[in-house]
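Where a number appears in this text, it was derived from the coordinates with a stated rule and is not lab data. Computed from a prediction, not measured in an experiment: that's the story for all the values here. Counting neighbours? That spans all protein chains shown, and the Cβs are built from the backbone with ideal geometry, glycine included.
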Amino acid sequence: MAGVALSAIGPTLLPLDREGRPLRPGILYGVDTRAGAQIAALEAEIGAERLLAHSGMALSSQATGPKIRWLREHEPEVWAQTQTLTTASSYLTYRLTGRHVMDHHTAAHAMPLYDPGRRAWTAAFAPLVLGERGLELLPDLAWSDELAGHVTPQAAAQTGLRAETPVAVGTVDALSEAISVGAVHPGDLMVMYGSTTFFVLVQEAPTPDPRVWTVGGAFAGQHNLAAGMSTTGSLTRWFADELAREAPTEEAYHTLFAQAAQLSPGAEGLLLLPYFSGERTPLNDPRARGVLAGLTLAHTRAHLFRAVLEGVGYGIRHNIEAFRDLGAQVRRLVAVGGGVRGRTWLQIVSDITGETQELPEVTVGASYGDAFLAGLAAGRLTRADLNRWVRLADTIHPNPHLKATYDRLYGLYRDLYVQTRPTVHALGSVGG
């Protein structure tokens, strides 16, 4: 084995003790909305405009800074033992190498502790997050393809890896997925169809905006815009588990997608907001919830499932429009993740967005990108090798005849959120 690279969910907050042992389960990325009060407090203490100018994005449930403050305020016994604040992929790299190091893409979400202009941690607002503790709690910083260290003898004994094998810094799974499909050039947009839908857009220069996330890229000097929906693949899984229990999951999926493909756009008058776990970008509304509008006695399970697929499609369009609204260039869209295995969902998304989607030959996801990062860190590959690493297998083109229909439905989708938001927020306080 020439090298190792790791990626994992993130940005996730994991406190470690002085022996490098986790003190509690990790606090997840934007789907964990526990730090709402801490976000409000930091915005009041620093100012929303000043935060945006400092970090290039607004505080949201994706940020780990407020979650660090939550940990300090709500679990003082854990905080007292904490010696390192890390994330999932960085923890795995530490276990292999003995070094605490975090990539710049992930670190950007630790706002307001990260200065994107200097590409460094900053003490400017540290007391508001860390209290009396200092930046020594945070890992070293590096780029995803840089060398973190080598497999230690202890890690070799535990894993079976060869001691002294080079280990890359690594990153979050979504950025590795972007690398896996060659989305590394300005204007490349990766859309990851996973449990959540994640977006990574490569830019020549940052374009800060409170609706999305301005972060570092995989390689030195790169800029990314990132965005993420909260409930997409997990919503189709929920649907299959709860409403198609008569068959094993894979068989249920096959039936549901086949039936949805036979229905006309709009699911015969159904419209769904896919905010079953709140919504991240561009709404940044942790109190949002799912809404299904237009039900009649004529609708079937297949209509409901088509509405789910279309609801996610409208959310994808909403994020792409947010990118373009702030002046970012989207020149090429590449799809990856578990949701690309069938054409039905991809075709619906292309029809709704009006975007052509490229499908690479290999879509195994983050592990393929990790392998490339490992090759870079080990000196076995160069970035130019990505041209032969990624090959195009298929292209999904939008149906121009459906544009008018989906434009109208998308407008109704946007209106439905605004019109139901007060009711949905009020319902969130009912029943605990």
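Among THR249, THR344, THR106, the largest mean-square fluctuation in a Gaussian network model of the chain, built with springs joining Cα atoms closer than 10 Å, belongs to THR249. Membrane-span-like helices in the chain, defined purely by DSSP H runs whose alpha carbon atoms cover 20 Å or more axially and whose average Kyte-Doolittle hydropathy reaches 0.5, do not occur. With Cα Rg over 2.2 N^0.38 Å defined as stated, name the option among [x] 1.57; [y] 0.99; [z] 1.17 computed from the structure displayed. Entry [y]. Largest mean-square fluctuation among PRO22, PRO286, PRO66, in a Gaussian network model of the chain whose springs join Cα atoms under 10 Å apart, belongs to PRO22. Taking square-rooted eigenvalues a ≥ b ≥ c of the alpha carbon gyration tensor, is the stretch 156-289 rounded, prolate or oblate, where a/c under 1.5 means rounded and, failing that, a/b exceeding b/c means prolate? It comes out oblate by the Cα gyration axes. In a simple Cβ point-charge model (Lys, Arg +1; Asp, Glu -1; nothing else charged), the stretch 49-194 has a dipole of about 160 debye relative to its Cα centre.
Each of TRP213, TRP345 was scored by other Cβ atoms within 10 Å of its Cβ. Listed from fewest to most, they are TRP345, TRP213. Remark: the Cα gyration tensor places the stretch 17-68 in the prolate category, a/c being 1.5 or greater and a/b exceeding b/c. Quick check on the stretch 304-432: take the gyration tensor over C-alpha atoms, sort the square-rooted eigenvalues as a ≥ b ≥ c, and tell me if it's rounded (a/c under 1.5), prolate or oblate. Verdict is prolate for the stretch 304-432.
When the Cα convex hull of the stretch 27-99 is projected onto planes of every orientation, the mean area is 5.7 nm².
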